[in-house]
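First the structure, in the form of structure tokens, and then the observations on it.
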Amino acid sequence: MADQSGNKDAKSFATDIPVATDGYFLKGSCHYDWGMQDRLSRIFRPDTGKTVMLAFDHGYIMGPTSGLERMDLQVVPLAEHCDVLMCTRGALRTCIPPTFNKPVCLRVSAGATILRELSDELVGVAIDDAIRCNASAMAVQVYVGAEYEHKSIGNLCKVADTGMRHGIPTLGVTAVGKEMARDSRYLGLATRLLGELGAQFVKTYYCEPGFDKVAAGCPVPIVIAGGKKLPEIEALTMAYKAIDQGASGVDMGRNIFQADNPIAMLKAVMSIVHEGAKAEEALDMYNTLKNE
Ligand code: 5RP
């Protein structure tokens, strides 16, 4: 209990050492409140400033994607090896035990499928349910230049507003329609736009040439999607180049869970993102782990 008298004099004020007011480690994120920064520090590792997110939200538009037919069998063994789980609330509640203590980036946009116009989405998860899922971030797809561009930008703005109210970061996902070129001009426009509209971090595709300019022109951290399954060396090279040119991490799905050995692939990607391994070194690691 606190006493009024007989206490040692307080003297460790270190008056010659100013309180550190250094910025927060993450690009564009130094003016947020504590809860927002705490959640961002769960997504991006403070020691490296980077992240390896495992994306397995494909089912919300594609149904039972190859490699995700049985998420309880195929995703659960991977969960401990990534930094963040990115998924729908259905996948989370039905397949992921709540004992991993991994941050969750919850897919909150919904409303379209591969059978119809993909850009016609809405916000499909209420904030109280995102909080019940203990989401560390909420992901919204934005279709810049597509038929429902206006609506999908509105979705991002709404989620970013709600996220700000509750200290939950928003991941803006630059969705590229079939007819759009994945070049630096388009991706530079889309990523910049999402950062300016309030996304705390942005997911996009790697492109060349010019990814360095896409990353530099975006005021918030960028993570790259992997896209369709590539040979392992190509996926690892893409991850290496993206990090080398300014990405703060990856949010990969098919190139992980469709690999011959998904855990080995995840570890190889981790070594690139957090340890600066070159693509060839990561491939050696992949092959060694695969053959063990
Ligand atoms: C869908 C997404 C997916 O999460 C994403 O595309 C990630 O996976 P992949 O690496 O398989 O492309 O955001 O729009």
Any aspartates and glutamates whose Cα falls less than 14 Å from that of residue 50, other than same-chain ones fewer than 8 residues away, would be 83, 244, 251, 275
For the range 215-226, in order, what is each residue's ³J(HN,Hα) by Karplus, 6.51 cos²θ - 1.76 cosθ + 1.60 with θ = phi - 60°, in whole Hz (x at glycine and Pro)? 5, 5, x, 9, x, 10, x, 10, 10, 9, 7, x
For the cross-link pairs 158/228; 158/203; 151/241; 228/290, which exceed 23 Å when the distance is taken from alpha carbon to alpha carbon? 158/228; 151/241
For the chain, fraction of C-alpha pairs farther apart than 34 Å, in %: 20 percent
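Tell me, in nm to one decimal, what length is gained between residue 150 and residue 10 on full extension, where the rule is 0.36 nm per residue of separation less the Cα-Cα distance? Please list the in-between numbers first.
Values: separation 140, 0.36 × 140 = 50.40 nm, distance 5.88 nm.
Here the answer is 44.5 nm.
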Rg/Rh of the range 121-253 (Cα atoms, Kirkwood Rh), to two decimals, equals 0.97
Which residues make up the longest stretch of the chain that has no trypsin sites (Lys or Arg not before Pro) in a DSSP loop with at most 15 other Cβ atoms within 10 Å? 117-177
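What percent do you get for the relative contact order of the range 195-289 when only Cα pairs under 8 Å and 6+ apart count?
Values: 138 pairs, mean separation 24.6, N = 95.
RCO, the range 195-289: 26 percent.
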Between the helical axis of 232-244 and the dominant principal axis of the chain, each derived from Cα atoms, what acute angle in degrees is found, rounded to the nearest 10? 40 degrees
Compute the angle between helix 149-166 and the longest alpha-carbon principal axis of the chain, please, reported from 0 to 90 degrees and rounded to the nearest 10. 20 degrees
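May I ask for the longest run of the chain untouched by chymotrypsin sites (Phe, Trp or Tyr not before Pro) that are loop-located per DSSP and have at most 15 neighbouring C-beta atoms (other than their own) within 10 Å? Could you put the intermediate results ahead of the total?
Working: sites that count: 13, 24, 100.
Formally, the longest exposed-site-free interval is 101-292.
Using only alpha carbon pairs under 8 Å that are at least six residues apart, calculate the relative contact order of the range 115-228 and give it in whole percent. Numbers along the way, then the final one.
Values: 189 pairs, mean separation 25.4, N = 114.
This gives 22 percent for the range 115-228.
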To the nearest 10 degrees, the tilt of helix 262-275 (Cα long axis) against the first principal axis of the alpha carbons of the chain is 50 degrees
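Readers should treat all values here as calculations from the given coordinates under stated rules, not as data from a laboratory. Every value quoted in this text rests on a predicted model; they were computed, and no experiment measured them. Reconstructed Cβ throughout: ideal geometry from the backbone, glycine too, with neighbour counts over all protein chains shown.
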